[in-house]
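Notes for the one structure printed next.
The values are calculated or read from the model by the stated rules, or taken from the named source; none is laboratory data. The structure displayed is predicted, hence computed values, not measured ones. We place every Cβ from the backbone using ideal geometry, glycine too, and count neighbours over all the protein chains shown.
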Amino acid sequence: MKTTLYLLTVLCLGLSCISSTELKRDAKYHGIDVSRHQKQINWEQVAKDQNIQFVYIKATEGQTHTDPKYKRNIREARRNGLKVGSYHYFRTSSSAHAQFEHFKKTAKKADQDLIPLVDVEEINNWTRSQFQDSLKVFIRLVKEHYGKAPMIYSVNSFYNTNCAPEFNNYHLMIGRYNNDPRKHPTVKGQGTYTIWQYSESGTVDGIPRPVDLNRFNPKYSVKDLLLK
């Protein structure tokens, strides 16, 4: 009994030497995506996290909205050596052309290390065909301006209902929230995901609020997302 108590004491003391952040950190993530919801980010601290190979930063939404933290986030993330890309939240309340012009003016090509990302999560009053036609226009305009097609982000169910299989040939970031490797995203039809957004409540040093955590499909790496 004394030996058992001694071993338990040593174990507890050993665990107390590990910070709570280290206990929470999931070493399997490869990147994060952020917006104003993460508040004031300490990018110098974030850059010390050796797990992070890429960062996607919200730039715009719809035809007029610009994320108020975008300029600071992309400036400071790049200044601290992180590979960054910008994303646009696609709305069905304005045209693809108008949304692209807003994104282009905000997300300067010279500031991008990674291909852009278009976030699709709503269809509202559009038909599936109208939605897909508009998204194709946005993708074409992005490719013409930035030199490469954007990656598409969506949650798994929305993507399979409204995008698959017509968009399966693009890079895909798919949200499916769990940490079980057996429950990774599944894409309807031929194709697979590039990035799995597996958590929306991650903890990263330097970010005051929960953050999305993303990991690569083993078939891909950050090299596949480089703009240049």
Q: Among the candidates Ala107, Ala77, Ala149, single out the residue that is in contact with a Ser or Thr (Cβ under 7 Å, 6 or more places away or on another chain), within 30 Å of Gln50 (Cβ to Cβ) and at pLDDT 95 or above.
A: Ala107
Q) Which of the residues spanning region 102-128 are outside any loop (DSSP other than H, G, I, E, B) and touching a residue at least 24 places away in the same chain (Cβ under 8 Å)? A) His102, Phe103, Lys104, Thr106, Lys109, Asp111, Leu114, Leu117, Val118, Asp119, Arg128
Q: Identify all residues within region 81-101 that are within 16 Å of Leu226 (Cα to Cα) and either in a strand (DSSP E or B) or touching a Pro at 6+ places or on another chain (Cβ under 6 Å) (or both); write none if there are none.
A: Val84, Gly85, Ser86, Tyr87
Q.
Residues that are buried (at least 17 other Cβ atoms within 10 Å of the Cβ), assigned to a loop (DSSP other than H, G, I, E, B) and among the acidic types (Asp, Glu): does region 172-193 have at least one?
A. no
Q: Could you identify the single residue in Asp212, Asp224 that is assigned to a helix (DSSP H, G or I), of a type in the set (D, E, K, R) and touching a residue at least 24 places away in the same chain (Cβ under 8 Å)?
A: Asp224
Q: Please find, among Phe158, Phe131, Phe138, the residue that is aromatic (Phe, Trp, Tyr), surrounded by fewer than 18 Cβ atoms within 10 Å (Cβ to Cβ) and either part of a helix (DSSP H, G or I) or touching a residue at least 60 places away in the same chain (Cβ under 8 Å) (or both).
A: Phe158
